[in-house]
Amino acid sequence: MALLDLKRQTILQTANNNTTLTQRPRRLRTSPALRAMVRETELNARDFIYPLFVRHGEGRTEILSMPGIFQLSVDEAVREAESAFRLGIPAVLLFGIPAEKDPIGLENFSYDGIVQQAVRAIKREVPELVVITDVCLCEYTDHGHCGILNTGEHYHHELPEGYVLNDETLEILGRVALSHAEAGADVIAPSGMMDGMVASIRNVLDINGYENLPILSYSVKYASALYGPFREAAQGAPKFGDRKSHQMDPGNVGEALREVAIDVDEGADMLMVKPALHYLDVISKVKDVHPELPLVAYNVSGEYAMVKAAAQNGWLDEQKVTLETLTSIKRAGADMIITYHAIEAAHWLST
Ligand SMILES: [Zn+2]
């Protein structure tokens, strides 16, 4: 009888074993060490590019809608750049707020422009840090648009009044890029979504002896509502109208691949998708089509402000949400992330 029981038990165990799951993904999640060992995407301070807003005058002024981010004098910008470099962040991206604005934005390509001053100062004090300069017109023009407008002496009758003129704007972009190159910038980053901007800047740089200076193109930049806080920071909001005649419609992804293909053709060295979090599918597709080119994603001011506001209300854990967000952007295919959280994230990752 006892023998029969034992036999039945053995049969039962075998039956249980037969129903045992062969696939148990949780096995690799049982300890922090195992989880770390099989992690596919890991953030590092080397992934970040830190944007800086530089202005004339002294000291620093906090931007209300972007807590922890400041408009900086040149010496303060150098201090921020040093902090970033010490934390292992390889690059900063400079935006300038000029002393005066006018219809074409003269300070944008002047030797003593605020960005040109900041580039020289940062390269002098932190020579190993990569200095990327944004090239557009919107922070410098009195109308706040990204190019020369269709009005007055430039009037084209076939185009609407106030339309951003493409080819006239390219000429200014070339001058701006050259002045940044002469100041010592390491990478030129045109952001205005003008047709032909990469080719035209490449040409100006090449004929002036800067054929080794790379271009990071804002290839895919959407007409997003998430740029609001940035416009306060850079004081570059358009005085009328919007940017929908050059920035992309948020519903389009095929067009993103077209923009990228054109930039690659024109000689862009690095590509960008902006904004990041709402456009992870676009990041992923661009990376699939052009795995050979470094891809940058811009985690924009609105994405930053939403996390900050929720964290200040105690609604979200800022550190966890930020690191999860940045990891997602990298997992989607971004090789580098421009983020206002760069300094904080680098701190969190080092502790
Ligand atoms: Zn612009």
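The values are calculated or read from the model by the stated rules, or taken from the named source; none is laboratory data. The structure displayed is predicted, hence computed values, not measured ones. Counting neighbours? That spans all protein chains shown, and the Cβs are built from the backbone with ideal geometry, glycine included. Heavy atoms of the whole protein, side chains included, go into the accessibility calculation; ligands, DNA and RNA do not. Shrake-Rupley method; radii C 1.70, N 1.55, O 1.52, S 1.80 Å.
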(message) Given the condition among the acidic types (Asp, Glu), at pLDDT 65 or above, within 30 Å of SER301 (Cβ to Cβ) and open to solvent by less than 80 Å² (accessible area, probe 1.4 Å), answer yes or no: does some residue in segment 36-43 qualify?
(response) no
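Residue-by-condition table, conditions (1) outside any loop (DSSP other than H, G, I, E, B); (2) buried (at least 16 other Cβ atoms within 10 Å of the Cβ):
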site: LYS285; (1), (2): yes, yes
site: LEU293; (1), (2): no, yes
site: TYR298; (1), (2): yes, yes
site: VAL307; (1), (2): yes, yes
site: ALA310; (1), (2): yes, no
(message) Restricting to segment 114-156, name every residue that is more than 16 Å from the ligand (Cβ to nearest atom) and of a type in the set (Gly, Ala, Ser).
(response) ALA118, ALA121, GLY152
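Please find, within segment 231-244, the residue that is farthest from the ligand (Cβ to nearest atom) out of those that are of a type outside the set (A, V, I, L, M, F, W, C) and open to solvent by 70 Å² or more (accessible area, probe 1.4 Å).
First, the residues of segment 231-244 that are of a type outside the set (A, V, I, L, M, F, W, C): 231-232, 235-236, 238-239, 241-244.
With open to solvent by 70 Å² or more (accessible area, probe 1.4 Å) added as a condition, the list becomes 232, 235, 239, 242, 244.
Details: GLU232: 15, GLN235: 12, LYS239: 13, ASP242: 12, LYS244: 13 Å.
This residue is GLU232.
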(message) Tally up the residues in segment 193-213 that are crowded, with 20+ Cβ neighbours inside 10 Å and either within 20 Å of GLU259 (Cα to Cα) or within 14 Å of the ligand (Cβ to nearest atom) (or both), please.
(response) 7
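Could you pull out every one of the helices (runs of 4 or more DSSP H) wholly within segment 26-144 that has 1 or more residues that are touching a Ser or Thr at 6+ places or on another chain (Cβ under 8 Å) and β-branched (Val, Ile, Thr)? Spell out the reasoning first.
Details: elements: 32-37, 74-86, 114-125.
The helices (runs of 4 or more DSSP H) meeting that bar are 114-125.
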(message) Looking at LEU72, LEU87, can you tell me which residue is touching a residue at least 60 places away in the same chain (Cβ under 8 Å) and either within 18 Å of ALA237 (Cβ to Cβ) or among the hydrophobic types (A, V, I, L, M, F, W, C) (or both)?
(response) LEU87
(request) Collect the residues in segment 288-320 that are over 19 Å from ARG46 (Cα atoms), touching a Leu at 6+ places or on another chain (Cβ under 8 Å) and not hydrophobic (A, V, I, L, M, F, W, C), keeping them in residue-number order. (result) HIS290, SER301, GLY302, GLU303
(message) Whether any residue in segment 80-92 is within 16 Å of the ligand (Cβ to nearest atom), at pLDDT 95 or above and touching a helix residue (DSSP H, G or I) at 6+ places or on another chain (Cβ under 9 Å) is what I want to check.
(response) no
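Here is a yes/no grid of residues against (1) within 16 Å of the ligand (Cβ to nearest atom); (2) modelled with pLDDT under 95; (3) open to solvent by less than 60 Å² (accessible area, probe 1.4 Å):
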{"position": "GLU158", "(1), (2), (3)": "no, yes, no"}
{"position": "HIS180", "(1), (2), (3)": "yes, no, yes"}
{"position": "VAL187", "(1), (2), (3)": "no, no, yes"}
{"position": "SER191", "(1), (2), (3)": "yes, no, yes"}
(request) Can you confirm whether segment 247-266 contains a residue that is in a loop (DSSP other than H, G, I, E, B), within 16 Å of the ligand (Cβ to nearest atom) and buried (at least 16 other Cβ atoms within 10 Å of the Cβ)? (result) yes
